[in-house]
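Undergrad: Mind having a look at this structure? Questions to follow.
The values are calculated or read from the model by the stated rules, or taken from the named source; none is laboratory data. Predicted model, so just to flag it, every value in this text is computed and none were measured. Virtual Cβ from ideal backbone geometry, glycine too; neighbours counted across all protein chains shown.
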Amino acid sequence: MNKKLFEDIGKRVKKRRIELGYTQEYLAEKMDVSIQMISGTESGKKALKLENFIKFCEILETTPDYLIKGRDPASILIEEMEQLTDTQIERINAVIKQCIEMCKEQNEQ
């Protein structure tokens, strides 16, 4: 992997950590790693083991796609929906409305 990718991943890890209100110390404790490892990752100076990458995704409540490419699930969904026809979008909208109604009914019980 190239240096820029590590730096980009590190920036996104730091951004997400801050969004969640986590300190480096807290994140290190949750991941069972050193603060230096967190700092090195955020600065792009430390390569990640797959195991730690997966932990970052879980603890930071994000996707691998976001950490690697900077794309969140909503933007991915929007890109996919832009390729659909109007009829397909109407069908999806109807299904979503049904799901929302079912959730409301469940909450009332």
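Undergrad: Which residues, taken from the range 5-21, are surrounded by fewer than 18 Cβ atoms within 10 Å (Cβ to Cβ) and in contact (Cβ under 8 Å) with a residue 12 or more places away in the chain?
TA: Let us first name the residues in the range 5-21 that are surrounded by fewer than 18 Cβ atoms within 10 Å (Cβ to Cβ), namely 5, 7-8, 11, 15, 18-21.
L5, E7, D8, K11, L20 - these are the residues of the range 5-21 that are surrounded by fewer than 18 Cβ atoms within 10 Å (Cβ to Cβ) and in contact (Cβ under 8 Å) with a residue 12 or more places away in the chain.
For every residue, the table says whether it meets (1) within 12 Å of I9 (Cα to Cα); (2) part of a helix (DSSP H, G or I); (3) not assigned by TED's automatic domain parsing to the domain that holds G21.
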| position | (1), (2), (3) |
| --- | --- |
| T41 | yes, yes, no |
| A47 | yes, no, no |
| F56 | yes, yes, no |
| E61 | no, no, no |
| Q88 | no, yes, yes |
| I92 | no, yes, yes |
| Q98 | no, yes, yes |
| K104 | no, yes, yes |
